[in-house]
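Worksheet for the structure shown next.
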Amino acid sequence: MCGIVGYIGSNNIKKILIDGLKELEYRGYDSAGIAVLNDGKFDSYKATGKLINLEEKTKDFHTKGFAVGIGHTRWATHGKPTELNAHPHIGESSCVVHNGIIENYVALKKELLADGVTFLSQTDTEVIVHLFEKNLKSINNPFEAFKKTLNQLEGAYAILLVTKSEDKTIFFAKHGSPMLIGKNSDKEIFFASSDTPLIGYADEVSYFEDGDYGFVSSDEIIIFNQNNEKIEPIFSKLSQNKLSAQKDGYRFFMEKEIYEQSIVISDTLLGRLKDDEILFDELDDSLFDGINEIKLCACGTSYHSALTATYLFERYAKIKTSIEVASEFRYRKPIMTKDTLFVVISQSGETADTLETLKMAKKAGLKTLVICNVDNSSMVRVADACILTRAGVEKGVASTKAFATQITVFWMLTLFIAKLKNSIPTTEITRQISLIRQIPTSVKVSDSMHERIKRLSKRYLHGHGFFFIGRDVFFPLALEGALKLKEISYLHAEGYPSGEMKHGPIALADPELFTIALLPEHLHYEKAKSNVEELSARDSTICAISALEFDKADDFIKINSCEDYMLEFFEMMVVVQLLSLEISIRLGNDVDMPRNLAKSVTVE
Ligand code: M6R
């Protein structure tokens, strides 16, 4: 997702800002920009694509002496990745960079347009700078105007703002998106979205908490917390190891990405939830006109999230849904009818097989939709419509947070279609939306849970195989759990519908066969339980994951009690991800780059 840097000092500001942005490249971006206030004058440069383009544009730009500047890498959410939409956004005498989403930007923009303000971009961010300047005109005190602006914003943000009326200062605010400040003995000040840009520049850093805001110059750092109390920053020494800084202290990117799920799902939800309806600004309602069926197509983990969607779409949206593995679909001369909405799902948007099926569907005249994590990827460019999952860059080859955000989007899309088709009562839509709001809490990793899984993992390093079993949506989750385990542990694992075991696979049951049983309290509990009992009776070693104690299990991982099976789904998803991670770490494998696998499979 977007990255932010800021600098106050007398060194080479252009280099410091652009080098800082390079360190944030791993977060993903499609355009970048910087703005520098030097000698009372703003210079601003923006470029689409990679940072090399920004370097090229700024090659003749030099400053002397003290300057204040901000920089940004943008991952498009509102508006295409164009130069005009790139940050910083400039007003008459101020500029701003922003990471996050301003949920009420449409209303704010409407008011500002009525006041005669001209907007240059399609972004939500641009309202911040114009709102600030409007407030500054009436209040005439930059900090008070900034404070008032923050009070008018809804959503998530990390913001840096620079204004000519206080030309040695950066105004900042953090609410939901990461940001920290660094300093050194030369009185230089640095801001960034993560530690890495500051390594080699700052000696000490302080991490802002949600709700923190204030202003900083070379001489003072003034911070207020969410209760508007002035607080003292707590600075700590900055580690000098870049790779570990990128991992934020986690052992592997996969681990970091599992822990990030709560934050990225919040991003996925931003601006899309009302009390009784789901908003997908990016979708035209007419997309569903004349549609009687949905066909889903994907590979790997994305296939598993799509398989989950087949249950939700038919159950709640009451629309006929089928699914296929992309590599199979593309060669079997399928019948495609124009009343089918063809939906592809992909983290990367580049998977060759999935992309090909999308092209086939387009050629056959079907309406197409892609659910994707990477804007401007091939699939996003080809499909008629796109929903971005907003998981941010996923570095671990084994997908985790991309899956979590795909499921979140599918649940929302189910309710979006249900509303269009009037297929379930509004009270049910409202109930489910309130559940969706709880997903970020359900996927938070607790220390005690992680510690327990770490300890348990030592019992699962051998054996002749694993069965992950579940019913209904817990079957795709079982498939996903098995895929995670085999990808990074190289142990043999299969996902099965619980009820299918007695039709053959149970022949393998013995103490060296490990069954990971998904037992949700709120969906077919008794049926799933008796399937596990059948395996237990044949001496398979059982690890049960449930909110309800289960005495037939050899090991038991307790999830929190939830109101609904879909929240149990998210709780169990985290458990199976952590179990694979810990087994793989104990086996000494390279978790992030497992053998034989590539992150993006762009060949057949
Ligand atoms: O980028 P995509 O979602 O299209 O990728 C599809 C699969 O290659 C991918 O999910 C793969 O299975 C992952 N390694 C799973 O962890």
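The residues of region 561-584 that are within 15 Å of the ligand (Cβ to nearest atom) and among the polar types (S, T, N, Q), listed by number, are Gln577, Ser580, Ser584. Ser580 satisfies every condition listed in (1) within 29 Å of Phe253 (Cα to Cα); (2) in contact with a Lys or Arg (Cβ under 6 Å, 6 or more places away or on another chain); (3) surrounded by fewer than 24 Cβ atoms within 10 Å (Cβ to Cβ) except (3).
Scanning region 261-281 for residues that are within 16 Å of the ligand (Cβ to nearest atom) and among the polar types (S, T, N, Q) returns Gln261, Thr268. Taking the conditions exactly as written (over 27 Å from Val591 (Cα atoms), surrounded by fewer than 24 Cβ atoms within 10 Å (Cβ to Cβ) and of a type in the set (S, T, N, Q)), does Ser530 satisfy them or not? So Ser530 passes the test. Only a single item in (1) buried (at least 24 other Cβ atoms within 10 Å of the Cβ); (2) more than 19 Å from Gly349 (Cα to Cα); (3) among the basic types (Lys, Arg) is not met by Arg431, and it is number (1).
For Phe467, the conditions (1) part of a loop (DSSP other than H, G, I, E, B); (2) more than 16 Å from the ligand (Cβ to nearest atom) are fulfilled apart from (1).
Residues being of a type outside the set (Ser, Thr, Tyr), assigned to a loop (DSSP other than H, G, I, E, B) and closer than 19 Å to Phe190 by Cβ: count how many of those fall in region 35-85. Total meeting the criteria: 2. It is to be established whether one or more residues within region 309-322 are farther than 27 Å from Tyr565 by Cβ and surrounded by fewer than 22 Cβ atoms within 10 Å (Cβ to Cβ). No, region 309-322 contains no residue that is farther than 27 Å from Tyr565 by Cβ and surrounded by fewer than 22 Cβ atoms within 10 Å (Cβ to Cβ). Taking Phe550, is it out of contact with any His (no Cβ under 7 Å at 6 or more places or on another chain), over 18 Å from Phe475 (Cα atoms) and assigned by TED's automatic domain parsing to the domain that holds Arg455? Yes, satisfied. Got at least one residue in region 433-448 being among the charged types (D, E, K, R), away from the ligand (no atom under 16 Å from the Cβ), in contact with a helix residue (DSSP H, G or I) (Cβ under 6 Å, 6 or more places away or on another chain) and under 23 Å from Ser546 (Cα atoms)? Yes: one or more hits. How many residues are part of a helix (DSSP H, G or I) and within 16 Å of the ligand (Cβ to nearest atom) when one looks only at region 282-320? Residues in region 282-320 being part of a helix (DSSP H, G or I) and within 16 Å of the ligand (Cβ to nearest atom): 10 in total. Taken together, Lys318, Lys247 contain a single residue that is at pLDDT 95 or above and charged (D, E, K, R), which is Lys318.
The rows are residues; the columns are (1) in contact with a strand residue (DSSP E or B) (Cβ under 8 Å, 6 or more places away or on another chain); (2) within 21 Å of Arg459 (Cα to Cα).
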{"position": "Pro505", "(1), (2)": "yes, no"}
{"position": "Pro511", "(1), (2)": "yes, yes"}
{"position": "Tyr525", "(1), (2)": "yes, no"}
{"position": "Glu533", "(1), (2)": "no, yes"}
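Would you mind stating whether Ile407 is surrounded by 14 or more Cβ atoms within 10 Å (Cβ to Cβ) and assigned by TED's automatic domain parsing to the domain that holds Lys274? Yes; evaluated as a whole, the condition is true for this residue. Of the helices (runs of 4 or more DSSP H) that lie entirely inside region 213-275, not one contains 1 or more residues that are β-branched (Val, Ile, Thr) and assigned by TED's automatic domain parsing to the domain that holds Asn151.
Does region 476-528 hold any residues that are within 24 Å of the chain's Cα centre (by Cα) and either away from the ligand (no atom under 16 Å from the Cβ) or of a type in the set (Val, Ile, Thr) (or both), and which are they? Selection gives Ile488 alone.
Consider Phe132 carefully, then state whether it is within 28 Å of Leu113 (Cα to Cα), hydrophobic (A, V, I, L, M, F, W, C), touching a helix residue (DSSP H, G or I) at 6+ places or on another chain (Cβ under 6 Å) and not in a strand (DSSP E or B). Give the derivation first.
Working: within 28 Å of Leu113 (Cα to Cα): yes; hydrophobic (A, V, I, L, M, F, W, C): yes; touching a helix residue (DSSP H, G or I) at 6+ places or on another chain (Cβ under 6 Å): yes; not in a strand (DSSP E or B): yes.
For Phe132, the condition - within 28 Å of Leu113 (Cα to Cα), hydrophobic (A, V, I, L, M, F, W, C), touching a helix residue (DSSP H, G or I) at 6+ places or on another chain (Cβ under 6 Å) and not in a strand (DSSP E or B) - is met.
Before we move on, is Val574 among the β-branched types (Val, Ile, Thr), assigned to a helix (DSSP H, G or I) and either within 17 Å of Ile453 (Cα to Cα) or assigned by TED's automatic domain parsing to the domain that holds Met254 (or both)? In short, yes. It is to be established whether one or more residues within region 186-206 are basic (Lys, Arg), at pLDDT 95 or above and surrounded by fewer than 19 Cβ atoms within 10 Å (Cβ to Cβ). No, because not a single residue in region 186-206 is basic (Lys, Arg), at pLDDT 95 or above and surrounded by fewer than 19 Cβ atoms within 10 Å (Cβ to Cβ).
Looking at region 585-601, is at least one residue within 16 Å of the ligand (Cβ to nearest atom), in a helix (DSSP H, G or I) and more than 23 Å from the chain's Cα centre (by Cα)?
no
So in region 396-425, with the set limited to residues that are more than 12 Å from the ligand (Cβ to nearest atom) and of a type in the set (D, E, K, R), which one is nearest to Leu270 (Cα to Cα)? My answer is Lys419. For region 357-378, the candidate set comprises residues that are charged (D, E, K, R) and either buried (at least 18 other Cβ atoms within 10 Å of the Cβ) or in contact (Cβ under 8 Å) with a residue 60 or more places away in the chain (or both); within that set, the residue that is farthest from the ligand (Cβ to nearest atom) is Lys367.
In region 279-298, the count of residues that are surrounded by 21 or more Cβ atoms within 10 Å (Cβ to Cβ) and among the polar types (S, T, N, Q) is zero.
Taking each residue of region 335-353 that is farther than 19 Å from Cys299 by Cα and looking for partners that are part of a strand (DSSP E or B) and within 16 Å of the ligand (Cβ to nearest atom) with beta-carbon atoms closer than 9 Å, six or more apart or interchain, yields Met336/Phe342.
The values are calculated or read from the model by the stated rules, or taken from the named source; none is laboratory data. Owing to the predicted nature of the structure, the values given are computational and were not obtained by experimental measurement. Note that we place each Cβ from the backbone using ideal geometry, even for glycine, and neighbour counts take in every protein chain shown.
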